[in-house]
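I'd like to ask some things about the structure below.
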Amino acid sequence: MPHIMPDPAAAALQILAWWNHRPLAAISAELDDLDEGGPLLDAADALADAADSDDEAVRGAGLGALFAGLVEPLNDSFAPAGRAIYARLFARIAWRVAGRAPALAAQLAAFGITSEKALYVRHARARHATAAMLPATVHRVVVLSRVTIGADVLLSSLVLQRLHQRFPQAELVLLGDAKLQGLFGGLPKVHVQPIAYARRGPLRERLASWLGVVAAVRDLGADLVVAPDSRLDQLGLLPVIDDAERYLLWENIQAEAAAPESLAVLLDRWLVRRLGLGDAVPGMPLVAFDSATAAMRARLAAAFGPGPLCAIKLDHGGNPAKALPRVAEVQLVQRAQALGWRVLLDRGFGAAELANSDALVAALGTVAVDIDDSGQGLGLAVATLPAGALAHAALIRFHGSIAGWAAALAGCGLALSYDSVGHHLAGALGIPVLVAFTGFADPAFPVAWQPRGRAGVVVVRIPTADKASPEAWQELLAAFPKPGQPLSMQSLG
């Protein structure tokens, strides 16, 4: 009889149903007993095998069940219990996959990890190392990127600022997407070293991205590694440096039975404590352009002219649940224009986002002036825009890089965004930002991921079940200020 692989989606649901949002104290003993085997480990094995399959259809279902179906619910709850389950079961999954990938197994062995239990125990030590001494001498610090640019703006920028405050002479290396250079290259002592994180292929290829991290940390001669819940080391599970005193792991966990707080606030508080910064003033996310992006900002500001400009970014990072219906998007653009704002739209990137943008402009019944910094000829070239070239344009569409969008955003007086990189960029740039927050499951999510900034931040939460109703958009429409008026603050924690 042929072997039938268990349904990976059912395996993920089985684990979540066992947890059922019970607190850590209620599941700790059961987690300890997993060393004896049982259905939870069987479910983890099924997820590992499906996600690492060479069959494309099986692998797609397995990766979706593993990450969207299990890892995200466990960690997006910000619950200590969810993180404990992740730590135990992903150790099982990673070890099982490493058994089929000699390079992964060899690198784990080089760290002295020769069993699933050894991997889990090492990770547990890193998770609970809350008072380890820092190295006596620090010349170079490596920071692991969060992989998603919005999270790097909100969180990694705080890490870089606090590290410079603690070690002002040290070189700070951010391992991450090359696109981050344009956003953080202006921070003191910071440079970005590009590193890839595989998003395609079987699970062993995603885990193999860690090998490049280990090599980079070694080649850079890092005195300290700071890992703010990075996917590069699978949330701290995979070791990147030998000496435990030279590795600081932060996990985005909210305290049980306490009101949720911003992840940026929690991280900044942890950094101040772990780095011994005393009574430091609370930090804020910050974007500091490199020279090329700063030049683009100046060119765009001159081209835009003096008229008030509102930046509207309606992409959703591949998660359509975060978006409002098209009719709502039309009303939002029209509301901004009716109040006296000229509008800068992000056109997006890729065929689907370009088509959505075209459909939105068509629904508005207007014509946009297109600008482009990608070299693809999808508008006037940003590099050759003369001063005042866009001064009379009521609707401008930008196509191009994330640094280019940030440079354009810096010339605006207001921003509107979904839960995406757009609202984090606006907050970090000090642009008043209005956020349409929908598509979330856990009520703590909009609090944890709210943008932080020195200007006004208004977050309007729209329940997913209600977002098709025009009544659900009214608070958002009403929150738009006229040019020159402040955007009132709304505190979410």
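The values are calculated or read from the model by the stated rules, or taken from the named source; none is laboratory data. Fair warning: this is a prediction, and the values are worked out from it, not measured in the lab. Cβ sites come from the backbone with ideal geometry, for glycine too, and all protein chains shown count toward neighbours. Surface areas here come from the heavy atoms of the whole protein model, side chains and all, with no ligands, DNA or RNA. Shrake-Rupley method; radii C 1.70, N 1.55, O 1.52, S 1.80 Å.
Among the residues in the stretch 321-332, are any assigned to a helix (DSSP H, G or I) and more than 19 Å from residue 366 (Cα to Cα)?
Looking for residues that are assigned to a helix (DSSP H, G or I) and more than 19 Å from residue 366 (Cα to Cα), one finds at least one in the stretch 321-332, hence yes.
Can I ask one more? If only one of 435, 382, 447 is buried (at least 18 other Cβ atoms within 10 Å of the Cβ), under 15 Å from residue 333 (Cα atoms) and β-branched (Val, Ile, Thr), which one is it?
Checking each option against the conditions leaves just 435.
Search the stretch 402-429 for residues being assigned to a loop (DSSP other than H, G, I, E, B) and modelled with pLDDT under 95, and hand back the single one that is surrounded by the fewest Cβ atoms within 10 Å (Cβ to Cβ).
Ranking the candidates gives 420 first.
Do you know which residues across the stretch 441-478 are over 25 Å from residue 180 (Cα atoms), without any contact (Cβ under 8 Å) to a residue 60 or more places away in the chain and not in a helix (DSSP H, G or I)?
The answer is 458, 459, 460, 461, 463, 469.
Select from the stretch 234-253 the residues that are assigned to a loop (DSSP other than H, G, I, E, B) and open to solvent by 20 Å² or more (accessible area, probe 1.4 Å) and list them in ascending order.
Passing the criteria: 242, 243, 251, 253.
Within the stretch 181-193, does at least one residue satisfy the condition of being open to solvent by less than 10 Å² (accessible area, probe 1.4 Å), in contact with a strand residue (DSSP E or B) (Cβ under 6 Å, 6 or more places away or on another chain) and either part of a loop (DSSP other than H, G, I, E, B) or closer than 23 Å to residue 252 by Cα (or both)?
Yes; the residues of the stretch 181-193 include at least one that is open to solvent by less than 10 Å² (accessible area, probe 1.4 Å), in contact with a strand residue (DSSP E or B) (Cβ under 6 Å, 6 or more places away or on another chain) and either part of a loop (DSSP other than H, G, I, E, B) or closer than 23 Å to residue 252 by Cα (or both).
Another question about this same structure. Within the stretch 308-347, restricting attention to residues that are small (Gly, Ala, Ser) and either crowded, with 21+ Cβ neighbours inside 10 Å or in contact with a His (Cβ under 8 Å, 6 or more places away or on another chain) (or both), which residue is nearest to residue 470 (Cα to Cα)?
Ranking the candidates gives 328 first.
Please go through the stretch 224-233 and give me each residue that is in contact with a Phe, Trp or Tyr (Cβ under 9 Å, 6 or more places away or on another chain) and either surrounded by 20 or more Cβ atoms within 10 Å (Cβ to Cβ) or farther than 21 Å from residue 208 by Cβ (or both), ordered by number.
Matches in the stretch 224-233: 224, 225, 226, 227, 228, 229, 232, 233.
Can I ask one more? Checking the conditions here, which among 397, 454 is of a type in the set (Lys, Arg) and surrounded by 22 or more Cβ atoms within 10 Å (Cβ to Cβ)?
The conditions single out 397.
Residues 200, 166: which one is basic (Lys, Arg) and modelled with pLDDT under 95?
Result of the check over 200, 166: 200.
Answer yes if at least one residue in the stretch 131-147 is hydroxyl-bearing (Ser, Thr, Tyr), closer than 14 Å to residue 246 by Cα and assigned to a loop (DSSP other than H, G, I, E, B), and no otherwise.
For the stretch 131-147, residues hydroxyl-bearing (Ser, Thr, Tyr), closer than 14 Å to residue 246 by Cα and assigned to a loop (DSSP other than H, G, I, E, B): present.
Another question, then. Do any residues in the stretch 155-168 that are within 17 Å of residue 183 (Cα to Cα) have Cβ atoms under 6 Å from those of residues that are among the charged types (D, E, K, R) and assigned to a helix (DSSP H, G or I), where the two are at least six apart or on different chains, and which pairs are they?
Cβ pairs passing all conditions: 158/268.
Which pairs do you get when a residue that is under 9 Å from residue 143 (Cβ atoms), found in the stretch 222-238, comes within reach of a residue that is assigned to a helix (DSSP H, G or I) and open to solvent by less than 10 Å² (accessible area, probe 1.4 Å), reach meaning Cβ atoms under 7 angstrom, with the pair 6+ apart or on two chains?
Filtered contacts from the stretch 222-238: 225/217; 226/159; 226/163; 227/233; 228/155; 228/156; 228/159; 228/267.
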